[in-house]
Amino acid sequence: MTSKAVNTNNSLLILHLTVFIWGFTGILGALISVDAVQMVWYRVFIATITLFIYFKLSKTSLKVTKKQFWQFFFTGSIVALHWILFFHAIKVSTVSVTLVCLSSFTLFTAILEPLIKKQRIQIADIIIGLIIILGIYLIFKFESKYTSGIIFGLSAALASSLFGTINSVLVQKSDALVISFYEIMGAFLWISLYRLFDQSLFTERFNLSTTDWLYLGLLGTVCTALAYVAGVSVMRTISAFRVALITNLEPVYGILLAFIFFGTRETMSIGFYLGAIIILGAVFLYPIYKRRNNL
């Protein structure tokens, strides 16, 4: 086996582990006892410190222009909103419901990307969007008790699609890791401003349980900072297409982990699983269709 093949196989293994870790994020969100805003505040605080240490140890320059800084800073507000909506959806529904709704990211991207980049909307994108809408409709119909969780999950997907599309433009001129650091730091500052406004930061006593601190540590370091660095590093040896395809396994890993950790609490109706299969199937097969048809 050539060294190139070995590097590719190692990168594939790292990518699968990274996606698995991303799927585990939802489990931590359900296990941590604090509310979504407080949880994300701790998460981005820990991740910012971790990434800063990484940059210092790796001697990576954090120098950016004033314009780039403000672009990253304001995009960080959308990142913060996405994570808050995501964890709140878990709090008011289940991990499975939230992760499946988050898969509608593809639908929102199909709409937002052409608008932001001033491109023509593809017919195939419209069709895949309609299929995903069908899956969402089935979940709404059969899991109406989780309506608020579904709405927050879909809102989190919309926010994720928005900052993902913006980043696809920003990354053309800036290093992805540098973008990540400033956006996560921006997310921390935006949430801090919000918590100052609602005065919750004045009463923050940092007196969390040992278990919460452990989970938050994992969330901020392994599931945020480390996973992001690993996810970007594999792109040196794996095509963007393969990265996108494997990343679609995140909700699958997350749902399987939810069953392991929470058992019957994550059991849903047949209608939910039918809707989930439609959404996940569409999201997973769509990149293959586009690749084969050169879209």
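All of the numbers you see were taken from the coordinates with simple rules; none came from a lab. Keep in mind that what you see is a predicted model, and the values were worked out from it rather than measured. Cβ: placed from backbone, ideal geometry, glycine included. Neighbour counts: every protein chain shown.
Hey, can you list the DSSP H helices of the chain whose Cα span along the axis is 24 Å or longer and whose average Kyte-Doolittle score is at least 0.5? Please list the in-between numbers first.
Values: long enough: 3-31 (41 Å, 1.05); 36-58 (32 Å, 1.30); 66-92 (39 Å, 0.78); 123-142 (29 Å, 2.49); 147-170 (34 Å, 1.41); 176-197 (31 Å, 1.51); 270-292 (32 Å, 1.20).
Passing helices, by number: 3-31, 36-58, 66-92, 123-142, 147-170, 176-197, 270-292.
Given the Cα-Cα distance of Lys56 and Arg205 and 0.36 nm per residue of separation, how much length would full extension add, in nm?
Values: separation 149, 0.36 × 149 = 53.64 nm, distance 2.95 nm.
Gain on extension, Lys56 to Arg205, equals 50.7 nm.
Dipole size of the stretch 3-292 about its Cα centre, with +1 on Lys/Arg Cβ and -1 on Asp/Glu Cβ: approximately 940 debye, rounded to the nearest 20. Structure note, pairs Lys91/Lys141; Lys66/Lys117; Lys56/Lys117; Lys117/Lys145; Lys56/Lys173; Lys63/Lys117: Cα-Cα distances above 31 angstrom occur for Lys56/Lys117; Lys117/Lys145.
Between Val171 and Leu256, what length in nm is gained on full extension when 0.36 nm per residue of separation is reduced by their alpha carbon distance?
Stretched fully, the Val171-Leu256 segment lengthens by 27.4 nm.
Ranking Pro287, Ala36, Gly271 by how far each Cα lies toward the positive end of the dipole of the chain (charges on Cβ) leaves Pro287 at the top. Kirkwood hydrodynamic radius of the chain, from the reciprocal of the average inverse Cα-Cα distance over all distinct pairs: 19.9 Å.
Compute the distance from the alpha-carbon center of the stretch 164-231 to that of the stretch 31-67, in whole Å. Each part reduced to its Cα centre gives a spacing of 5 Å.
For Ser192 and Gln122 in the same chain, what is the full-extension length gain: residue separation times 0.36 nm, less their Cα-Cα distance, in nm?
Details: separation 70, 0.36 × 70 = 25.20 nm, distance 4.00 nm.
That pair, Ser192 and Gln122, stretches by 21.2 nm at full extension.
In the chain, helical runs assigned H by DSSP with n ≥ 4 each contribute -39500 (n - 2.57); averaged across all residues and rounded to the nearest 500, the mean residue ellipticity at 222 nm is -26000 deg cm²/dmol.
By count of other Cβ within 10 Å, fewest leading, how are Tyr289, Tyr273, Tyr146 ordered?
On the way: Tyr289 13, Tyr273 17, Tyr146 23.
Fewest to most other Cβ atoms nearby, the residues stand as Tyr289, Tyr273, Tyr146.
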